[in-house]
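J.: Right, I'll just put the structure down here and ask away after.
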Amino acid sequence: MQTALDLGQRGSFTISGWAEGARSYFNKDLKTVTLPEAALLAGLIQAPSYLVALPHPERALERRNTVIESMVETRAVTREQATKPKRLH
């Protein structure tokens, strides 16, 4: 049996899965998240409580950028696509 993907907590509410993460962190439907938002969600998997963006924006940003760099290395996105989001924040 597979357990739900843990993307952190909001009070006593556990954020489980990509769709809940998109709604909780960005108030968006999963289909409308941007590359930097998706990278931030993916980065949370490693350590959700440590990397959550609200109390630790610098940690979340650093991890998000690491995920984007990994996406370039695996050719999931181009360097041009990766550079734009990193300059936004």
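The values are calculated or read from the model by the stated rules, or taken from the named source; none is laboratory data. Quantities reported herein were computed from a predicted structural model and do not represent experimental measurements. Heads up, the Cβs are rebuilt from the backbone with ideal geometry, glycines too, and the neighbour counts pull from every protein chain shown. We work out accessible area using only protein heavy atoms, side chains counted, and drop any ligands, DNA or RNA first. Shrake-Rupley method; radii C 1.70, N 1.55, O 1.52, S 1.80 Å.
J.: Which of the helices (runs of 4 or more DSSP H) found entirely inside region 32-85 contain at least 3 residues meeting this: among the aliphatic types (A, V, I, L, M)? Can you show your working first?
T.: Numbers: elements: 35-44, 48-51, 57-73.
Counting at least 3 such residues, we get 35-44, 57-73.
J.: Here's a check for you: in region 64-84, which residue that is charged (D, E, K, R) and open to solvent by less than 60 Å² (accessible area, probe 1.4 Å) is farthest from ILE15 (Cα to Cα)? Steps first, answer last, please.
T.: As a first pass, look at region 64-84 and keep what is charged (D, E, K, R): 64, 69, 73, 75, 79-80, 84.
Filter once more, so that each one left must be open to solvent by less than 60 Å² (accessible area, probe 1.4 Å): 64, 69.
Numbers: ARG64: 18, GLU69: 25 Å.
Of everything passing the filter in region 64-84, GLU69 is farthest from ILE15 (Cα to Cα).
J.: Among the residues of region 36-60, which ones are among the hydrophobic types (A, V, I, L, M, F, W, C) and buried (at least 18 other Cβ atoms within 10 Å of the Cβ)? Write out each step before concluding.
T.: So the first thing to find is which residues in region 36-60 are among the hydrophobic types (A, V, I, L, M, F, W, C), and the list is 38-42, 44-45, 47, 51-54, 60.
Result: ALA38, ALA39, LEU40, LEU41, ALA42, LEU44, LEU51, VAL52, ALA53, ALA60.
J.: Okay, moving on. Output the residue which, of all residues in region 1-15 that are under 16 Å from TYR50 (Cα atoms) and surrounded by 10 or more Cβ atoms within 10 Å (Cβ to Cβ), is nearest to the chain's Cα centre (by Cα).
T.: Among them, the one singled out is LEU7.
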